[in-house]
Every structure is written in structure tokens, then in C-alpha cells.
1. Looking only at the range 329-349, count every residue that is surrounded by fewer than 24 Cβ atoms within 10 Å (Cβ to Cβ), more than 13 Å from the chain's Cα centre (by Cα) and not β-branched (Val, Ile, Thr) and tell me the total.
2. Look through the range 124-135, keep the residues that are out of contact with any Lys or Arg (no Cβ under 9 Å at 6 or more places or on another chain) and not aliphatic (A, V, I, L, M), and return whichever of them is farthest from Thr298 (Cα to Cα).
3. I'm told Ser302 meets every condition in (1) under 30 Å from Thr3 (Cα atoms); (2) buried (at least 23 other Cβ atoms within 10 Å of the Cβ) except one. Can you identify the failing condition by its number?
4. Please state which one of Ala247, Ala252, Ala226 is of a type outside the set (Lys, Arg), under 22 Å from Thr129 (Cβ atoms) and part of a helix (DSSP H, G or I).
5. If you go through the range 313-335 one residue at a time, do you hit one that is part of a loop (DSSP other than H, G, I, E, B), among the β-branched types (Val, Ile, Thr) and within 20 Å of Thr6 (Cα to Cα)?
6. Which of the residues that make up the range 211-232 are touching a Leu at 6+ places or on another chain (Cβ under 8 Å) and closer than 24 Å to Leu325 by Cα?
7. Considering only the range 128-140, I want to know if a residue exists there that is assigned to a helix (DSSP H, G or I), farther than 18 Å from Arg260 by Cβ and of a type outside the set (Gly, Ala, Ser).
Amino acid sequence: MTTYYTKQLFDGQTLHHNCVLTTESGRVKSIENNLSFTGDAFDGIICPGFIDTQVNGGGGFMLNHDPSRKAVDGIAKAHQQFGTTALLPTLITDRQDKMLVAADTIAAAIAGNHQSVIGVHFEGPHLSTAKRGIHSSDSIRKINDNDIDMYLRNDLGKVMLTIAPESLSPDIIKELSEKGVFISLGHSNADVDTVIAAIDAGATAFTHLFNAMSGLKAREPGMIGAALIHQHAYVGLIADMHHVHPANCLLAANCIGADRLMLVTDAMAHVGSAMQNMKWENTVITRYGEKLLTEEGTFAGSCLDMANAVKNMVNQVGIELGEVLKMATSTPAQFLNLTGRGVLKPGCRADFVHLDHNLSVRQCWVGGQPMLDNN
């Protein structure tokens, strides 16, 4: 049994003060708050581990380039240093054989009780060519029976699938969602009626709001408008302050709220590594400060981590810390119907993070075990 004293603790919903957190056998045993104690205590705040539903790479690894267990482990480890304790390795649009290899790798990781990998996110290939971004037009395609069989495998954990609703019929969306696939809408040029029809059929989320989706106009609300007005769907947001202007981040927070707005990184291999340049298809993705661009000047994923996403939403957008922490913890857990993650309560996994007064990660625990050697 291990005991931690902390001046502030966020449990996934509520901020508490002067707390004692006790863990045992990889789980939270007890939390007591409003105590008077002497001796050493964590400054800053303890909060649940971050949950990221869109992680293309990290630590120099890209799932598309290397769909191996070594790469998956490297990606997870890279993001742990920024407080991410659970993630969906994300495969950007690719050939079907590559998708199958990635699926087998994720299945093996889950069968091996991987502590951070909770499933897989297939971002594509059933997307709009007009809004494809860096997704290969050669690999974007209609869905087939083999795809459906892969998405419905029962050994992949949580399966998230980003689709353009104009590329997938409501009947197929309904079939997949009723069988447990989390359908997210993105990389789409659809009108608002097509988007709403997809939600009515079972889609439950939007992928990286404002980016690669039909825009908000006076007489054409598009996908952005649908995401802002819908009362139940979850919405991913890349809060690097480059993909989305801070004013639009505030708009999203005000319209959607912390119970449905999820922070995501859309991270590439650069995160947690010294990588500056990476070959991608027929171009090169280069890091310029806090953003990634192709040779043509197109945004290409991000070099954002979850700790900086939290920091940006607090310091540059002006959202209250507890609300932002929800967006990184309990809200993505609710979206994926995760049990025992994203919150700190007795019986839940002891996945938690110590943030200092600057909201930088000082330590990260996965299953009760400290992951970083900087403390």
C-alpha cells in the first residue's frame, strides 16, 4: 500500500484540497480530503491520467510506418512523459493489408494486458477526398465486407472509426455503432443534413473540430455547425493554438461544454523525440516550433502533447482548470465507455499524474507504478 499527500486533487469531476490518496495492487484504495497534515505534500495538483483518443505516433515511431509491438510500446512510453496513461494508437488512412497488420498488433498488445493501449482508432479510409488533408488519395475508398469484419473484431478493445458521412450510408453506420464501434465524423465535406443523419444513425463523435470538415456559413452550417449545436455527440479538439484559433477553442468550450469536448493531440512521431523531419508519402513533414507542416505548407498532424493541450486551454483560452482537466480525463473515458479510468475513486485504476504549478508533468503513474525518473 502506498500513500500520497497532495494539496490539490482533481478526481475527474471535482477539485478537492488537502488530500491523502492511497493505492494498493494497482488501484485506488481510498481518498480522503480536507485533512490537516504536516510534512511533505505534492504542490500543484494530482489528477487522473490523461486519455488521448487520437495518437498517430510518438517517440520517433509512427503506427503507419511501423505497425509493430515495438512501435506501439514506444508511442505509449513517449506520451506517458506528458501524462497520457491511456490511448488509442491511430492509423491514418492506409492500405487494407496495413490496417490488418496494425489490428493484429493492437490485439496482441491488449491480449498481453498492455497498461496504456485501450484499443485502436482507424482514421479513414472512408473519407472525403476534398477534405483528406495528408491522407493518401490512393488509399481513400468505399467500405467493403472485409473492412466491416475487421472493425467488428472482438479482440481490439475500443474501436474508433473516423468516417466522412457522405462516404458511408446510415445503414452501415447503424450496424457498426450497434455492434460497438465508436463512429466519429471528420475529413468530410458533408452538408448539415447528411451529418445529422449520420448522428441519428449512431455516430457519437466528431474528429478534430474545425479541421478538415465543411465550414460554418450563414446558410450552410456544415459539419462545424452540426458539432456546435448537437446536444449529445462528443467532440475532439486539437488545442495547440495552431490548428484552431484560441477564440474558436473558446467558442467550442462554450457551445459544447467540458462534459463532451475532448482534448486530443493528433500527435505524430515527433512528440517525445528529437525528430525534426519525417518522410510522409511524397512529401516531408517538418517541425517548425510547435507545429508540423508538409513541404507544401499543409498541417500534418501535430507535435502537441496532452499536458500542453491542458496548459494551452487554461493559459491561452482562459478555461477554468477543473473544466479543462475533465476534457482530458473523464470526458474521453465517458465517450469510450471506459470503466475505472479517467477518474480517481476507490476501486479505479491507479493511473494518475502530478502537475506542478505551471501545469507541467512532474510524475505519471500507470497501474500505481511511477513511469518517470525525473522525480
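The values are calculated or read from the model by the stated rules, or taken from the named source; none is laboratory data. In this text the structure is predicted, and so the values were computed from the model without any measurement. Here the Cβ positions follow ideal geometry from the backbone for every residue, glycine too, while neighbour counts run over all protein chains shown.
1. Looking only at that region, the number is 8.
2. Looking at the filtered set, the residue picked out is Ser128.
3. The single condition Ser302 does not satisfy is (1).
4. So the residue among Ala247, Ala252, Ala226 that is of a type outside the set (Lys, Arg), under 22 Å from Thr129 (Cβ atoms) and part of a helix (DSSP H, G or I) is Ala226.
5. yes
6. Ile224, Ala227, Leu228
7. Scanning the range 128-140 turns up at least one residue that is assigned to a helix (DSSP H, G or I), farther than 18 Å from Arg260 by Cβ and of a type outside the set (Gly, Ala, Ser).
Table: residues versus (1) among the basic types (Lys, Arg); (2) over 17 Å from the mean Cα position of the chain (by Cα).
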{"residue": "Val181", "(1), (2)": "no, no"}
{"residue": "Ala190", "(1), (2)": "no, yes"}
{"residue": "Val195", "(1), (2)": "no, yes"}
{"residue": "Asp200", "(1), (2)": "no, yes"}
{"residue": "Phe210", "(1), (2)": "no, no"}
{"residue": "Lys217", "(1), (2)": "yes, yes"}
{"residue": "His230", "(1), (2)": "no, yes"}
{"residue": "Ala252", "(1), (2)": "no, no"}
{"residue": "Ala274", "(1), (2)": "no, yes"}
